[in-house]
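Report on the structure given below.
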Amino acid sequence: MSVNVIILNGVSSSGKTTLAKAIQKYSHEIWLHVAMDSFIAMLPDGREFDREWFPMVEVSREGEVLPQMTNGPSGEALLLEMRRLVRGLSETGFNVIVDEVAEADTIADYRGRLGNGCLVVKVDAPLSELERRERERGDRLIGLAREQSERVHNGISYDLEVDTHAQTPDALARLILERIAA
């Protein structure tokens, strides 16, 4: 089975969306971009952080209080439907780029649903760069990248790892496309 799903997994501000757009730009094929943020944005403004959906909690790490986004029951159900949608699109023959902040159990679920038809890519950058991007974007919760960087990638075996600070999105997109063509 050839790869028709690319899962870009990384913390907030790691460059997943920019990389997904670059893959779309450089591929000779059409790739649909399915983003976790788009699913969360389906909720009415201000309701996404409700207890049922994606509540924010504060966690203490090394004397610092950081925000942590969690999945309430409805949020978990919504993200499960996102994974089902990705599988359905893949089975129908669509190429899909998934833009996700996923822990090991979610990546395992994707692999179980997609088998060898997916390439799981760790999208990362140095923490100082993630925090700089977070501050400059102005639409990110400060501290989220730091909190996620300490747990998101734990226990995940990636097919490919990229550093969005060391290389341009264009170069990384070409690298990923070369990898799935091989």
### About the Cα centre, charge dipole magnitude for the range 1-148 (Lys/Arg +1, Asp/Glu -1 at Cβ), debye
480
### Net charge of neighbours whose Cβ lies under 10 Å from the Cβ of P126, counting Lys and Arg as +1 and Asp and Glu as -1
-3
### Query
Taking the simple approach of a point 7 Å from Cα along Cα-to-Cβ for both D37 and V57, what is their distance in nm?
2.5
### Message
Name the residue from L130, V101, H28 whose Cα lies farthest towards the positive end of the charge dipole of the range 28-182, charges +1 on Cβ of Lys and Arg and -1 on Cβ of Asp and Glu.
### Response
H28
### Message
Using helices alone, I'd like the mean residue ellipticity at 222 nm for the chain: each DSSP H run of four-plus residues gives -39500 (n - 2.57), total over residue count, nearest 500.
### Response
-12500 deg cm²/dmol
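A short reminder: the numbers here are calculations on the coordinates, not readings from a lab. Bear in mind that the values here come from a model prediction, so they are computed numbers and not experimental data. Every residue, glycine among them, receives a Cβ derived from its backbone with ideal geometry; neighbour counts consider all protein chains shown.
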